[in-house]
Amino acid sequence: MNFDYDIYSLESYDYDLPKERIAQSPSEQRDHSRLLVVDRKNGEMKDEQYFHNIISYLQPGDVLVRNNTKVIPARLIGTKEKTLAHVELLLLQEKEKDTYLCLVGNAKVVKKDTVIIFGDKLKAVCTEVLDEGLRKFHFIYDGIFMEILDELGKMPLPPYIQEQLADNSRYQTVYAKVAGSAAAPTAGFHFTDELLDELKNKGITIVDITLHIGLGTFRPVKVDDIRQHNMHSEHYFMDKETASILNQAKKEKRRIIAIGTTVTRTLESVYHKYHEFRECSDDTSIFIYPGFEFLAIDALITNFHLPKSTLVMLVSAFASRDIILNAYKHAIENNYRFFSFGDAMFLK
């Protein structure tokens, strides 16, 4: 392979994005976002006015894989017990019962054994100090933790979204089921129950996996050589029925289509580990960038991602860096909306 750029250089995954292209709110109707269809082999593109038209590109026998994780109100704002200094926590991953890995907004003031108070129903004790603003906290409460979190916590919208949502359900997919994520699998936002029913009626099989999204997905890359980037682990599950359907599709050479990068990372993690799909529950810190050998998926539905992000690197590995950046250039010139609440791309 001959490249006129360094595939391992962070700068190779940069592009200029006008601020006004960043979507601040979701489309009024989920499946009325736009769709850019890209042939990942030759870079040919087609603009579709509505995401709903994805149905034209899917065939009977295709298997569509969703991430059914549900975002929890993972942002908690509290005060230190003794000094009353404000501290913000983002719950990333439950490590054991009532103990969470958290990203701390004011980490310097939080040492081991620091107690944070959240109203009169919840407190958290720092049990371990980690680097890069990460801490482990044990939560103390009376009642049901998720109910208290629903009452006290806020939805963890990305920092580039300036507006609060009028309806928190718009930061969930319609098929969100298993609570545990600190961010949403945003490629799934474009699907409605009606569209999913239409796809099933066309003969497309739909299965679920679960990957709880944490720091691994959205942590920025801060090293010039992307191979030095450290991906944090995220927890995933695959059940027996999903594994069986996917293995049968592989055997029959039917397409496996991932809805989003989190599904991609889960399926590739499982297949690279076991050389098949199987019922399993594990952590993954897989980092996919150009040079990666895809064994699990055949096509990918995804959004338009942040410059220099691990997600741009993943889609560049699946198509090519040139095809992706050319598609992004086309999307910018044609007023597509970018990031979490933006439009979609189908890499076929």
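Count of segment 128-144 residues, restricted to those that are charged (D, E, K, R), assigned to a strand (DSSP E or B) and either modelled with pLDDT under 95 or closer than 14 Å to residue 92 by Cα (or both), is 2. For segment 326-346, residues that are over 12 Å from residue 48 (Cα atoms), assigned to a loop (DSSP other than H, G, I, E, B) and within 22 Å of the chain's Cα centre (by Cα) total 5.
No other residue among 303, 326, 335 is farther than 20 Å from residue 225 by Cα, buried (at least 23 other Cβ atoms within 10 Å of the Cβ), at pLDDT 95 or above and polar (S, T, N, Q) apart from 303. Among the residues of segment 52-59, is there at least one that is over 25 Å from residue 284 (Cβ atoms) and modelled with pLDDT under 95? No, segment 52-59 contains no residue that is over 25 Å from residue 284 (Cβ atoms) and modelled with pLDDT under 95.
Scoring residue 217 on the criteria (1) outside the structural domain of residue 338 (by TED's automatic domain parsing); (2) of a type outside the set (A, V, I, L, M); (3) assigned to a helix (DSSP H, G or I) leaves a single failure, condition (1).
Considering segment 71-88 alone, what residues qualify as being more than 22 Å from residue 285 (Cβ to Cβ), in contact with a Gly (Cβ under 9 Å, 6 or more places away or on another chain) and touching a residue at least 24 places away in the same chain (Cβ under 8 Å)? Result: 73, 75, 76, 77, 78, 87. Of the listed requirements (1) farther than 24 Å from residue 164 by Cβ; (2) modelled with pLDDT under 95, residue 86 misses just one: (1).
The residues on offer are 87, 125, 37, and the sole one that is in a strand (DSSP E or B) and assigned by TED's automatic domain parsing to the domain that holds residue 257 is 37.
Has segment 95-110 got at least one residue that is closer than 27 Å to residue 331 by Cα, outside any loop (DSSP other than H, G, I, E, B) and in contact with a Lys or Arg (Cβ under 6 Å, 6 or more places away or on another chain)? No, segment 95-110 contains no residue that is closer than 27 Å to residue 331 by Cα, outside any loop (DSSP other than H, G, I, E, B) and in contact with a Lys or Arg (Cβ under 6 Å, 6 or more places away or on another chain). Mind telling me which of the residues 341, 294, 304 ends up being over 22 Å from residue 223 (Cβ atoms) and touching a residue at least 60 places away in the same chain (Cβ under 8 Å)? On inspection, the qualifying residue turns out to be 341. Only one of the numbered conditions (1) in a loop (DSSP other than H, G, I, E, B); (2) closer than 26 Å to residue 313 by Cβ; (3) hydroxyl-bearing (Ser, Thr, Tyr) is violated by residue 236, and that is (1).
The residues of segment 61-73 that are part of a loop (DSSP other than H, G, I, E, B) and over 18 Å from residue 236 (Cα atoms), listed by number, are 61, 62, 73.
You will find that of 287, 237, the residue that is under 29 Å from residue 94 (Cα atoms), of a type in the set (Phe, Trp, Tyr) and touching a His at 6+ places or on another chain (Cβ under 7 Å) is 287 and no other.
Within segment 287-315, the set of residues being closer than 19 Å to residue 21 by Cβ and part of a helix (DSSP H, G or I) comprises 311, 312, 315.
The values are calculated or read from the model by the stated rules, or taken from the named source; none is laboratory data. Just so you know, these numbers come straight off a predicted model, no measurement behind them. Cβ coordinates were reconstructed from backbone atoms using ideal geometry, including for glycine residues, and neighbour counts include every protein chain displayed.
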